[in-house]
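Q: The structure's right below; bear with me while I get my questions together.
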């Protein structure tokens, strides 16, 4: 018999009233639970001793709370509501619009459902099976379907009206869960025939913003008020602290608390006159709210200490090397069927497996296409690494990403300069190392490497490598024009 059970409480859309959360936490504390966590799908998670589990389940039933013990048959509906009014998007999507959609669900979905503002990049777009994304037309949504156990995403032919999302999701659920070959045309025709719903034709393709994870911790101003982001390095939130947070929300008329896919908590609508009371609560419970942005950009699996331990190890290396990771987010997957969100993914796999026991595990590093974490296409970077080699290879990948971004900016500047000058003809090209930005100029050659001036890049021997960082010849990319063009 297991000593502890994992219990999950869904918080639809990642929102919960302070009064409701306070009741749940008091019930948990009465059953000897002292810490809780927030999951990657914005759930409330807790570890309960088996002797206290039945008693806690009884208390939760009295409160009318939906929960699961040791199972995850009903994934939580996640949404970008946590960023509404906090990270400005200019979208029509406001609190009332989210409420309209969430109120349309009169059942517990058995598929993963995401509700996303198309103008934000704080929450993921395509990690669900049914991914609803706001369209330019107010109160209508794009729908992207990802069938169970598949990586392909299919765009629904119509825009879906907000109050109809729950009904359409119920109609699609059985088909999505069935798995197997997905026939987009057949499913669409069957749903249209059997489940009438309000919709509009899609007149323009979805345009998503480039990824940029905002800093989501600490006190931050918006409009005439303040929001507070709460992150815990070990992902554990003391129940006594959260009960005090809920009580102060009720006292100061903060109507909702929001959980995020980054396993943190956001408190919106803090009035200036109450700011000191919030600071006092943080001091009382010794809560730090100023972690480095690079530490916030990681996602690990729920209920799994191994990924969190590895994250801590890698972050310490990043800090020691003073690495730049801006524009990236990282995910650690230590179990084969789990799903994490990130532009850089670290996946653990065994070289040998006997039954349920793994032997000789190694790690693979992938990055998403164009380093966009919402892409479903993974590009292998390094395969079969031992744990001791992970940090160094991640540092190398981060350098490649930064160099790629620098090169894109350089090329854009060159193109703009070319357009402004309206120059004709071609300019000699150079080759640049993507790891350290060393340039190979055929006019100069590589004297120290035994390459005489005048040798074209294509004529270099296959074994030739970068004279600065020893990167292979394949790491060099063509530079459209020499850097001097920008300065001329």
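Q: Going by average Cβ neighbours within 10 Å, how do the peptides 453-463, 90-100 rank, with the highest at the top? All intermediate terms of the calculation are to be shown ahead of the outcome.
A: On the way: 453-463: 11.5, 90-100: 15.5.
Highest mean packing first, the order is 90-100, 453-463.
Q: Highest mean first, how do 438-451, 346-359 rank when packing is the count of other Cβ atoms within 10 Å averaged over residues?
A: Order by mean packing, descending: 438-451, 346-359.
Q: Need one word for segment 295-398: rounded, prolate or oblate. Basis is the Cα gyration tensor (sqrt eigenvalues a ≥ b ≥ c); a/c below 1.5 gives rounded, then a/b vs b/c decides.
A: Prolate shape, in that a/c is at least 1.5 and a/b is the bigger ratio.
Q: Let me ask something else. If R0 is 56 Å, what FRET efficiency do you get for residue 225 and residue 448 from their C-beta distance, rounded to 0.05? Could the numbers behind the result be given before it?
A: Values: r = 61 Å, r/R0 = 1.09.
The pair residue 225/residue 448 has a calculated efficiency of 0.35.
Q: List residues of segment 47-74, by number, whose backbone nitrogen lies under 17 Å from a label position 7 Å along Cα→C-beta of residue 26.
A: Answer for segment 47-74: 56-65.
Q: Let me ask something additional. Helix 305-321 against the longest principal axis of the chain: what's the angle in degrees, Cα atoms only, rounded to the nearest 10?
A: Helix 305-321 and the main axis of the chain meet at about 40 degrees.
Q: When Cα extents along the principal axes in Å is calculated directly from the model, which label among (i) 82, 58, 51; (ii) 74, 51, 51; (iii) 69, 53, 41 fits?
A: (i)
Q: Just want the ordering: 315, 281, from fewest to most Cβ atoms lying within 10 Å of their own Cβ.
A: 281, 315
Q: How tilted is helix 275-284 with respect to the longest principal axis of the chain? Cα atoms for both, answer in degrees (0 to 90, nearest 10).
A: On a 0 to 90 degree scale, this one is about 90.
Q: Here's a follow-up. Can you tell me the orientation of helix 184-194 relative to the chain, as the angle in degrees between its alpha-carbon axis and the longest Cα principal axis, to the nearest 10?
A: Compared with the principal axis, the helix lies near 20 degrees.
Q: While we're on this one: Which order do peptides 13-25, 384-396, 290-302 fall in by mean Cβ count within 10 Å, highest first?
A: Result, highest mean Cβ count within 10 Å first: 13-25, 290-302, 384-396.
Q: If you don't mind, there's one more thing I want to ask. Label segment 244-370 by shape, choosing from rounded, prolate and oblate, from the square roots a ≥ b ≥ c of the eigenvalues of the Cα gyration tensor; if a/c is under 1.5 it is rounded, and otherwise prolate applies when a/b is larger than b/c, oblate when it is not.
A: In terms of gyration-tensor shape, prolate.
Q: Further question on the same structure: If one computes the Cα centroid of segment 151-170 and of segment 33-56, what distance in Å separates the two points?
A: Result: 32 Å between the Cα centres.
FYI, it's all coordinate maths here, none of it is from the lab. Bear in mind the structure is a predicted one, so any value in this text is a computation, not a measurement. Note that each Cβ is placed from the backbone with ideal geometry, even for glycine, and that neighbours are counted across all protein chains shown.
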